[in-house]
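Written out below as structure tokens is the structure these notes cover.
The values are calculated or read from the model by the stated rules, or taken from the named source; none is laboratory data. This is a predicted model, so every value here is computed, not measured. Positions of Cβ are generated from backbone atoms using ideal geometry, with glycine treated the same way; all protein chains shown enter the neighbour counts. Just so you know, the surface numbers come from the protein's heavy atoms only, side chains and all, with ligands and any DNA or RNA stripped out. Shrake-Rupley method; radii C 1.70, N 1.55, O 1.52, S 1.80 Å.
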Amino acid sequence: LIYVFVIGNILSILIAFFVCYFLSYNLLKPINQIIRKANKINLSDKLSFLDNPNSNDELETLSETINKMLKRINDSVKTQSNFFASASHELKTPLTIMKTEIEIKINEQDTNDLNKDFLYSQLEEVNRLKRLVDDFLTVSQISNKTLILRLDNFEIDSLILDIVEKLDTLLSKGKKFLNIDFDNS
């Protein structure tokens, strides 16, 4: 009788374990599907929303909530992208006008050397702002996938020298120096 009870208890425990495992697997399956789908979502491609299980329970509420959150995130990203594009376009015109006015003033005969130095400095800053605005516009075009690449030939040695000059200016402020050796082979 003791053996029957022990074997009966062991069998009952094993049956209960497998029944619980089967039920929990089937009950958690929709949650695991939501987790897998949510992990695949990113903003680099067209945003895909979660499937709505239509189960009239917490899973449906969770799916709807996540979909609403994704829509808000998507709208926010689009708004940000549109802001960068609009701001870039709006800033280009005044910067171009400023640049033109400074260049005209530099080329006037009555502008003395001290004023020309000041104007060259201002022109440099306007050009830097213009490049920054162009970079914002490029980032906006990349995120909207509207960037058109234009291939152009350029001399890499002049590009390297420009970069070295800018780095040298930054490094010299920190009492560091840049040493470049060119291999003639």
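Points worth noting:
- So I41, is it touching a residue at least 24 places away in the same chain (Cβ under 8 Å), open to solvent by less than 70 Å² (accessible area, probe 1.4 Å), of a type outside the set (K, R) and touching a Ser or Thr at 6+ places or on another chain (Cβ under 7 Å): yes
- Qualifying residue in segment 7-21 (condition: hydrophobic (A, V, I, L, M, F, W, C), under 30 Å from K145 (Cα atoms) and either in a helix (DSSP H, G or I) or without any contact (Cβ under 8 Å) to a residue 24 or more places away in the chain (or both)): no
- From T146, T169, residue being β-branched (V, I, T), outside any helix (DSSP H, G or I) and open to solvent by less than 90 Å² (accessible area, probe 1.4 Å): T146
- Filtered residue count, segment 84-142, keeping only those that are modelled with pLDDT of 85 or more, open to solvent by less than 60 Å² (accessible area, probe 1.4 Å) and within 18 Å of the chain's Cα centre (by Cα): 2
- When S81, S24 are screened for being touching a helix residue (DSSP H, G or I) at 6+ places or on another chain (Cβ under 9 Å) and open to solvent by less than 60 Å² (accessible area, probe 1.4 Å), only S81 passes.
- Taking the conditions (1) among the hydrophobic types (A, V, I, L, M, F, W, C); (2) under 38 Å from the mean Cα position of the chain (by Cα); (3) assigned to a helix (DSSP H, G or I) in turn, F49 satisfies each one other than (3).
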